[in-house]
Amino acid sequence: MAKENAYIDLTGRVAIVTGGGNGIGRGIALRLGNAGADIAIADIDHAAAARVAGEVAALGVRAEAIEVDVADQPSTDAMVKASLGKFGRVDILVNNAGIGGAPGWTGRGVGSTADWNAVFEVNVLGIVHATDSVSAHMMERRSGKIVNIASAAGRRGSPGFAHYSASKASAINVTQAFAYQLAPYGINVNSVCPGVLWTSLWQDISKRRLGMIGDSETTGRKYFEDRLVNVPLGREQTPEDIGNAVAFLSSDRAASITGQALNVDGGAMMN
Ligand SMILES: NC(=O)c1ccc[n+]([C@@H]2O[C@H](COP(=O)([O-])OP(=O)(O)OC[C@H]3O[C@@H](n4cnc5c(N)ncnc54)[C@H](O)[C@@H]3O)[C@@H](O)[C@H]2O)c1
């Protein structure tokens, strides 16, 4: 197939993208597929994963939708088993699945205990479970690339969103631990920290924050755009922006890079 960008060529590689059914995960799956990789789109929302699998397959690579709950280790074990059954190997794991809080979270105060538990189960343990599920296979083959989707919120705590920010700071830290642990086996582990994207996650945040401050005039989209004032490049990010960073970190071009957290946020964070 014709490569969108031959500089990053993932032909013959197999990638699992968790949370690949929507938003950023969909953008990552399409970008990796464009670079030639076969993709397992793993999501708790199987219908969404199946839709994206259709879009990825239309690029001329193989795609499979897999239902997974990353908060549950037997489920991530089954995800890896299903990917190996379909494709025979896994070269790339993208831990992208993430949530903003427990169902009905409000964005008030320090967050409820349910919010803290929910984000740590999905945003942190989800990474740990899926990495643990795939690492024996990658260690045996002495190669692999793991990319964790953290957040700019993991760089600086966010008011009303402490539970989420803390989970993303943990995602960055867990990335470093696994990078050390898996380096002797030729496995690179990095994270990407997106800034703000108008996905269902941020649409939800806008709605809840406006409810919290009692503003019925401002639209959710306007509230989101106001966040861009302090972004040096003044632009929101797109799923393609994140997909480009992930494609690079998943490729041989990033062979010497591990344990890093790459901000893709228009310059909002400069650390
Ligand atoms: N949107 C942003 O501005 C932004 C910024 C920084 C980081 N992020 C991070 O990017 C990632 C993707 O977010 P998004 O904006 O695309 O959100 P989204 O809500 O559009 O997509 C998240 C996907 O994850 C899936 N998912 C949720 N819980 C799951 C679970 N337990 N097991 C498997 N799949 C599960 C959902 O079904 C959905 O398809 C998340 O980790 C999020 O924290 C988003």
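The values are calculated or read from the model by the stated rules, or taken from the named source; none is laboratory data. Being a predicted model, the structure only gives us computed values, none of them experimental. Glycine also receives a Cβ, built like all others from the backbone with ideal geometry; neighbour counts cover every protein chain displayed.
Brief remarks follow.
- Elements of type strands (runs of 3 or more DSSP E) contained in region 54-155, each with 2 or more residues being in contact with a Ser or Thr (Cβ under 7 Å, 6 or more places away or on another chain) and surrounded by 22 or more Cβ atoms within 10 Å (Cβ to Cβ): 92-95, 144-149
- Flag if Q260 is modelled with pLDDT of 95 or more and either basic (K, R) or surrounded by fewer than 21 Cβ atoms within 10 Å (Cβ to Cβ) (or both): yes
- Here N5 meets the list (1) modelled with pLDDT under 95; (2) surrounded by fewer than 19 Cβ atoms within 10 Å (Cβ to Cβ); (3) within 16 Å of the ligand (Cβ to nearest atom) almost entirely, failing just condition (3).
- Single residue of region 69-89 satisfying the filter (in contact (Cβ under 8 Å) with a residue 60 or more places away in the chain and within 16 Å of the ligand (Cβ to nearest atom)) that is farthest from V119 (Cα to Cα): S83
- Verdict on T218 being out of contact with any Ser or Thr (no Cβ under 8 Å at 6 or more places or on another chain), farther than 30 Å from V90 by Cβ, part of a loop (DSSP other than H, G, I, E, B) and away from the ligand (no atom under 12 Å from the Cβ): yes
- Being in a strand (DSSP E or B), under 20 Å from D91 (Cβ atoms) and within 16 Å of the ligand (Cβ to nearest atom) is not true of A49.
- Within region 69-100, the set of residues being of a type in the set (D, E) and in contact with a strand residue (DSSP E or B) (Cβ under 7 Å, 6 or more places away or on another chain) comprises just one member, D91.
- Exactly one residue out of I28, I66, I24 is touching a strand residue (DSSP E or B) at 6+ places or on another chain (Cβ under 7 Å), within 11 Å of the ligand (Cβ to nearest atom) and farther than 13 Å from G243 by Cβ, and it is I66.
- Consider region 35-46 and keep the residues that are away from the ligand (no atom under 13 Å from the Cβ) and assigned to a strand (DSSP E or B). The one that is nearest to G25 (Cα to Cα) is I39.
- Subset tally (residues that are part of a loop (DSSP other than H, G, I, E, B) and surrounded by fewer than 16 Cβ atoms within 10 Å (Cβ to Cβ)) for region 221-237: 4
- Annotation note: of L210, L201, L182, the sole residue that is under 18 Å from the mean Cα position of the chain (by Cα) and not charged (D, E, K, R) is L201.
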